[in-house]
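The values are calculated or read from the model by the stated rules, or taken from the named source; none is laboratory data. Every value quoted in this text rests on a predicted model; they were computed, and no experiment measured them. Quick reminder, even Gly has a Cβ in these numbers, built from the backbone with ideal geometry, and neighbours come from all protein chains shown.
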Amino acid sequence: MQRIITSTALVFAGALLLSGCATAGGGDTDAAPTANLCDTVASGVRDISNGVQNNLAAAADRTVLDEYLSSAADRIDAFVEEASENEELVAAVEDFKAEVAEANDYAAQLPEPDEEGTVEQDPDQLGERQAALQEAAAKVGEACDGE
């Protein structure tokens with residue numbers, strides 16, 4: 001499972017990198033830096049959202065989960081700083097950050113893994129957390145569409 005997630009993440013990151021390179025070359029030079037920044041932030045937020053969702057679903061190693069959530073919070077803070085001149089984008093990223101904090105609170109409530117390394121989770125609660133993360137990440141993308 002972990003190998004599939006890692007492979008998927010690498011393919012996704014490569015596609016994002018290539019799409020960023022393809023859009024960096026032309027058009028209005030005044031609008032390009034803002035659009036690229038917005039696209040970069042939106043892509044990064046989607047990446048974090050997917051990672052948080054995957055790590056919550058496979059929460060067998062609490063240390064790995066805690067480290068990922070801490071790293072995600074740091075990355076989100078960096079996005080807030082990068083987007084500081086775009087109030088709508090900053091607000092959307094801050095809302096996403098609040099959802100990641102909710103996911104962190106949810107993770108803190110999870111029981112320890114059983115002998116097989118499985119963490120018993122309420123599928124409805126997990127689904128709610130994942131849906132909230134997806135929705136908040138989508139709103140960051142929508143903030144970019146308003147550019």
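What to note about this one:
- Remark: pairs (first residue in the stretch 118-130, surrounded by 11 or more Cβ atoms within 10 Å (Cβ to Cβ); second residue of a type in the set (S, T, N, Q) and part of a loop (DSSP other than H, G, I, E, B); Cβ separation under 7 Å; 6+ apart in sequence or on different chains) are absent.
- Residue check for S71: within 28 Å of D145 (Cβ to Cβ), of a type in the set (S, T, Y) and either in contact with a Lys or Arg (Cβ under 8 Å, 6 or more places away or on another chain) or touching a residue at least 12 places away in the same chain (Cβ under 8 Å) (or both): no
- Filtering the stretch 61-95 to residues that are outside any helix (DSSP H, G or I) and either surrounded by fewer than 16 Cβ atoms within 10 Å (Cβ to Cβ) or in contact with a Cys (Cβ under 6 Å, 6 or more places away or on another chain) (or both) leaves D61, S84, E85.
- Enumeration of residues in the stretch 96-147 that are in a helix (DSSP H, G or I) and within 18 Å of T63 (Cα to Cα): V100, A101, E102, A103, N104, D105, Y106, A107, A108, Q109
- Top-ranked residue of the stretch 36-49 - restricted to ones that are without any contact (Cβ under 8 Å) to a residue 60 or more places away in the chain and surrounded by 18 or more Cβ atoms within 10 Å (Cβ to Cβ), ranked as farthest from the chain's Cα centre (by Cα): L37
- Residue within the stretch 116-132 that is under 16 Å from R46 (Cα atoms) and of a type in the set (A, V, I, L, M) present: yes
- Residue match in the stretch 56-66 (condition: under 20 Å from K139 (Cβ atoms), among the hydrophobic types (A, V, I, L, M, F, W, C), at pLDDT below 95 and in contact with a helix residue (DSSP H, G or I) (Cβ under 8 Å, 6 or more places away or on another chain)): yes
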